[in-house]
Amino acid sequence: MISVYDCVIVGAGMAGLTAGRTLQAQGWSVVILDKARGPGGRMATRRFGPEGLPPGVFDHGAQYVTATDPHFADWVATAEQAGHLKIWCGERAGEDVTKARYCGTTGMTAFPKALAAGLRIHYSQRVIQVLATAQGWQVIPEAGEPYTSRFLLLTAPVPQSVALLTASGLAVPPDLTAVTYSRCLTVMAYLSSASEIPAPGYVGDPPAPLVWIADNQQKGVSSAPTLTLQADPSFSLVHWDDIDDRIVEHLTQAAGRWLKDSCILMTQVQRWRYSLVTQPHPAPFAALATPHPLVLAGDGFAAGRVEGAFQSGQAAAAYLVSTSRAGQGESALGQSEPPTRS
Ligand SMILES: Cc1cc2nc3c(=O)[nH]c(=O)nc-3n(C[C@H](O)[C@H](O)[C@H](O)COP(=O)(O)OP(=O)(O)OC[C@H]3O[C@@H](n4cnc5c(N)ncnc54)[C@H](O)[C@@H]3O)c2cc1C
């Protein structure tokens, strides 16, 4: 175990993984801490099914990835060649991948799992406090020993990073508290037989309160017939505290016309408190005026979604590297305003 890391990254979602890979490629010692049991964050895949039947696979967070930024398109193309991503729908004209919608070959987590390979990631490590000490940042998980680092990068959804800063007694700039996300109630339904959803396996304009239905079997990630049903933000807010059965009833009723003779054998509910960004931060990341360098990144910055999280993670890593190279250290990070995209 390294005693002082160059950088501790909180969060093994797309932003944290991208930053981790970028910093490690520059020779930095990096450790990523995530409270979850695996990588991906909101690029999430779950497996379950009734006893005696093959487990169903459910992409219950991000449904697909688009790549309009050439750099991200390169990463996507590499993942496609390696067999981690495939085109689900949309078109690719020759080398132009920007119109295609990609999904993981075995579920959305396939991509972040591939990005996580070769990185030092400690799972089930919920960070509860960060302290500026003479040695650098001391990053304190709920259980286990603290980690020490020169630089600190927080990539949780911005309100969660803000809560961490507050719990640590650090000042939070108002432009961070202005970042907001919509909620999304999601029902995963294991069916007795194939759904009536048309190829290629999604309904993008279902009746309210649904905003999205995906057929994971047609998507090619589940051998068993399974649906992912996602509710709109206002329904999700109003019904947030409803019991699971009630949420299932609402959403499966709205999806009824695509079930026909198929019965629902098993369901699970996921409550996404932070799904899509509704009010992003205008810059690609935020560097705080702290005793040691501390940067926030993730989909709450700039473009949002998976691609935006990638761009934010890259921009934050590039900023940390340039700060370190310039030897500016603490004094250069006395800026209160986040840097803008160059
Ligand atoms: C229902 C839903 C549908 C979506 N659909 C799409 C879509 O189709 N296409 C698209 O591009 N995007 C979609 N998105 C958005 C996309 O998933 C996100 O924009 C992207 O995955 C965000 O990546 P991130 O790294 O910024 O954050 P996250 O993926 O949220 O990663 C943050 C990580 O930080 C960890 N963490 C948080 N707090 C702590 C702590 N205190 N200690 C340790 N770890 C911590 C979390 O466990 C998590 O793994 C969707 C999201 C949802 C929820």
Restricting to segment 294-342, name every residue that is modelled with pLDDT of 95 or more and either not in a helix (DSSP H, G or I) or not assigned by TED's automatic domain parsing to the domain that holds Trp28 (or both). Leu294, Val295, Leu296, Ala297, Gly298, Asp299, Gly300, Phe301
Could you tell me whether Val203 is crowded, with 18+ Cβ neighbours inside 10 Å and of a type outside the set (Lys, Arg)? yes
Would you pick out the residues in segment 29-42 that are more than 6 Å from the ligand (Cβ to nearest atom) and surrounded by 20 or more Cβ atoms within 10 Å (Cβ to Cβ)? Val30, Val31, Ile32, Pro39, Gly40
By residue number, the members of segment 6-19 that are more than 15 Å from Val158 (Cβ to Cβ), surrounded by 24 or more Cβ atoms within 10 Å (Cβ to Cβ) and not polar (S, T, N, Q) are Cys7, Val8, Ile9, Ala12, Leu17, Ala19
Exactly one condition in (1) under 17 Å from Ala19 (Cβ atoms); (2) in the same structural domain as Val31 (by TED's automatic domain parsing) is false for Ala116; which is it? (2)
So Ala178, is it in contact with a helix residue (DSSP H, G or I) (Cβ under 8 Å, 6 or more places away or on another chain), more than 20 Å from Ala317 (Cα to Cα), more than 13 Å from the ligand (Cβ to nearest atom) and among the hydrophobic types (A, V, I, L, M, F, W, C): no
How many residues, within segment 96-135, are farther than 17 Å from Leu164 by Cα and assigned to a strand (DSSP E or B)? 9
For segment 136-154, name all the residues that are of a type in the set (A, V, I, L, M, F, W, C) and either in a loop (DSSP other than H, G, I, E, B) or surrounded by fewer than 22 Cβ atoms within 10 Å (Cβ to Cβ) (or both). Ile140, Ala143
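The values are calculated or read from the model by the stated rules, or taken from the named source; none is laboratory data. This structure is a prediction, so every number in the text was calculated from the model and none was measured. Positions of Cβ are backbone-derived with ideal geometry, glycine not excepted, and every protein chain shown enters the neighbour counts.
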